[in-house]
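Bear in mind these aren't lab numbers, they're just calculated from the coordinates by the rules spelled out. If you're wondering where the values come from, they're calculated on a predicted model, not measured in any experiment. Here the Cβ is made from the backbone with ideal geometry for all residues, glycine too, and neighbour counts use every protein chain on show.
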Amino acid sequence: MKRKLVVVGAGMASGRVLEHLLKAASDAYEVTLFGAEPRGNYNRIMLSPVLAGQAKYEEIIIHTAAWYGEHNIHCRLGEAVTKIDRAAKKVRTRNGETPYDKLVIATGSAPFIIPVAGKELQGVLSFRDLDDVNAMLSAAGNPDTHAVVLGGGLLGIEAAAGLKTRGMNVTVLHLMGHLMERQLDPSAGRLLQKELEGRGIEVHCHAQTKAILGHKRAEAVLLESGTIYPADLVVMATGIRPETRIATDAGLHVERGIVVDDQMRTSDSDILAIGECAEHQGICYGLVDPIYAMAAVAAQTLMGEEVAFRPVELGTHLKVSGVGVFSAGDFLGAPGTELVTLNDSGIGIYKKLVIANGRLVGAVLFGDTDDGLWYLDLIRSGASIEAIRDDLMFGRALAERRAA
Ligand SMILES: Cc1cc2nc3c(=O)[nH]c(=O)nc-3n(C[C@H](O)[C@H](O)[C@H](O)COP(=O)(O)OP(=O)(O)OC[C@H]3O[C@@H](n4cnc5c(N)ncnc54)[C@H](O)[C@@H]3O)c2cc1C
């Protein structure tokens, strides 16, 4: 009899595990997939282009109903797992219990909702799944509508740009001193702000939200400073928290995320965790590259093989059409590093490379991001850049031509 694999969460991480597993041994397990969303695996990253009208949901589906059918995956979509009974090796949903031999938890993250008065009003949304995008789109369309985006990180800016494209009046309120402070230095953050303002998006930094005002629906956002911004729609893009509830309730080791070893096993060796809900060596990831690497390792573990997940340096791209922003590694430059910068405000190009011991350790690019992946490769490989140092700033083509 086939062993039973239960997968909790039909998102990007679990989708990748299933692909690897099916490729390695399509009949190793009888698979049941539970998903809280009423749909299967789609490219969540592409929700920003969907919001901006540059892609349709149908184009971002990764696994169709036909794909699940073809691979004999029992899909229980729209059915959240509410409990894991580790002693009986069963998961529970509102429809009953399902036994497992191996369990994969891939529940992703939940948006962090800042605990301010008015957060439960109609028109206050997060930006995590297709339902959020559809709710934002149904509020758009009327040019008099005001949207306030709380949070000027990657998601907040992509939401703001999308809503602006849809014709709304958009304001971004950001707590910190410059936009995307987790990926950009102040110079690049300010350039980004200027670019967004040039598109008609209002941006205010050092803005601390005190309350969302309104009766049934959101009507305005009140800052601690007393300033009020009209808001028919409030999008909270104020961070994410790993979705760990079922793991905590089941007594698994959970810190910020569900703690996993190098093979993606939790504190119960029959239960694996991957994706944004997992924590490896103290880190919870929020980008797909490492999450896909986790998925490959988890599939091997399920096949009884022992490979280890090894974190790599991450790069971030902003997906706002016409705005090139890239960042990787130590983008601020720790003490002792050397900074090489190019700043041409006339054409809106800013580049900063951070070098330590003859190696590239960080990069921020604004305006021209063509060489972002090359810089990321150099950072990841730790290769010496001494031979190309003079040309490094001017990109791969020139540096490699001169070095040849
Ligand atoms: C708008 C947007 C833009 C992004 N852009 C980028 C980008 O440019 N680059 C990048 O690398 N990353 C980006 N990300 C992040 C990327 O999408 C995530 O890192 C990735 O989707 C995480 O995969 P996951 O499987 O861990 O979680 P998810 O894809 O979120 O999947 C988790 C699934 O589990 C379900 N679930 C939760 N609890 C339960 C339960 N109890 N029972 C059943 N199902 C449950 C959830 O409903 C969800 O469907 C973006 C994210 C968003 C929202």
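Which GluC sites (Glu not before Pro) in the stretch 292-394 sit in a loop by DSSP (not H, G, I, E or B) and have at most 12 other Cβ atoms within 10 Å of their own Cβ?
When the GluC sites (Glu not before Pro) of the stretch 292-394 are filtered for loop state and at most 12 Cβ neighbours within 10 Å, GLU305, GLU306 remain.
Each label was represented as a point 7 Å from its Cα along the Cα-to-Cβ direction; for ALA110 and GLU30 these points are 3.3 nm apart.
If you average 1/r across every pair of different Cα atoms in the stretch 1-143 and take the reciprocal, what Kirkwood value do you get, in Å? Mean inverse Cα-Cα distance, inverted, gives 16.9 Å.
Result for the chain in a Gaussian network model with C-alpha springs under 10 Å: among HIS20, HIS146, HIS206, the largest mean-square fluctuation is at HIS206. Projecting the Cα positions of THR238, THR227, ALA296 onto the charge dipole of the stretch 215-313 (unit charges on Cβ atoms of Lys, Arg, Asp and Glu, taken about the Cα centre) puts THR227 furthest along the positive direction.
Give, in nm to one decimal, the length gained when the segment between MET176 and ASN95 is fully stretched (0.36 nm per residue of separation minus the Cα-Cα distance). Provide the component values of the computation, followed by the final result.
On the way: separation 81, 0.36 × 81 = 29.16 nm, distance 4.49 nm.
So the chain would gain 24.7 nm between MET176 and ASN95.
For the chain, relative contact order (Cα pairs under 8 Å, six or more residues apart, normalised by length) works out to 14 percent. Taking chymotrypsin sites (Phe, Trp or Tyr not before Pro) that fall in a DSSP loop and have at most 15 other Cβ atoms within 10 Å as cut points, what is the longest piece of the chain between them? Excluding the exposed sites themselves, the longest stretch runs over 113-393. The trypsin sites (Lys or Arg not before Pro) of the stretch 1-43 that meet both conditions, a loop assignment by DSSP and at most 14 other Cβ atoms within 10 Å of the site Cβ, are LYS2. Of the complete DSSP H runs in the chain, none spans 24 angstrom or more by Cα along the long axis with a mean Kyte-Doolittle score not below 0.5.
Its Cα centre serving as origin, the chain has a Cβ charge dipole (Lys and Arg +1, Asp and Glu -1) of approximately 620 debye. Helical runs assigned H by DSSP (4 residues or longer) give the chain a calculated mean residue ellipticity at 222 nm of -7000 deg cm²/dmol, each run adding -39500 (n - 2.57) before division by the residue total.
Basic side chains Lys and Arg get +1 at the Cβ, acidic Asp and Glu get -1 at the Cβ, and with that the dipole of the stretch 14-108 about its Cα centre reaches some 380 debye.
Within the stretch 352-367, whose backbone N sits under 17 Å from a point 7 Å along Cα→Cβ of GLU386? From the stretch 352-367, the list is 355-361.
GNM on the chain, alpha-carbon springs under 10 angstrom: the most fluctuating residue among VAL116, VAL81, VAL148 is VAL116. Across the stretch 327-341, the residues whose backbone nitrogen lies under 11 Å from the label position 7 Å along the beta-carbon direction of ASP289 are 327-329.
Is there a quick way to get the dipole size of the stretch 67-177? I mean about its Cα centre, with the Cβ of Lys and Arg at +1 and of Asp and Glu at -1; what is the value in debye to the nearest 20? Please list the in-between numbers first.
Details: 12 positive and 11 negative charges, 82 e Å.
Charge dipole, the stretch 67-177, about its Cα centre: 400 debye, nearest 20.
How big is D, in µm² s⁻¹, for the stretch 154-212 by Stokes-Einstein at 4 °C and 1.567 mPa s if Rh is the Kirkwood radius over C-alpha pairs? Value of D from the Cα-based Kirkwood radius: 111 µm²/s.
Running a GNM on the chain with Cα contacts under 10 Å, which residue among GLU70, GLU197, GLU19 ends up with the highest mean-square fluctuation? Result for the chain, Cα springs under 10 Å: GLU70 fluctuates most. Relative contact order for the stretch 59-205: 13 percent, from Cα pairs under 8 Å spaced at least 6 residues apart, divided by residue count. With the charge dipole of the chain set up from +1 on Lys and Arg Cβ and -1 on Asp and Glu Cβ about the Cα centre, the Cα lying farthest toward the positive end among the listed residues THR165, ALA363, SER126 is that of SER126. Among SER267, SER225, sorting on how many other beta-carbon atoms sit within 10 Å of each Cβ, with the fewest leading, yields SER225, SER267.
Counting only C-alpha contacts under 8 Å and six or more residues apart, can you give the relative contact order of the stretch 310-390 as a whole percent?
Numbers: 155 pairs, mean separation 23.3, N = 81.
That works out to 29 percent.
Only one residue of VAL203, ASN95, VAL320 has its Cα farthest out toward the positive end of the dipole of the chain, where Lys and Arg carry +1 and Asp and Glu -1 on Cβ, and that residue is ASN95.
Would you work out the Kirkwood radius for the stretch 138-252? I mean one over the mean of 1/r across all pairs of different Cα atoms, in Å.
Kirkwood hydrodynamic radius for the stretch 138-252: 15.0 Å.
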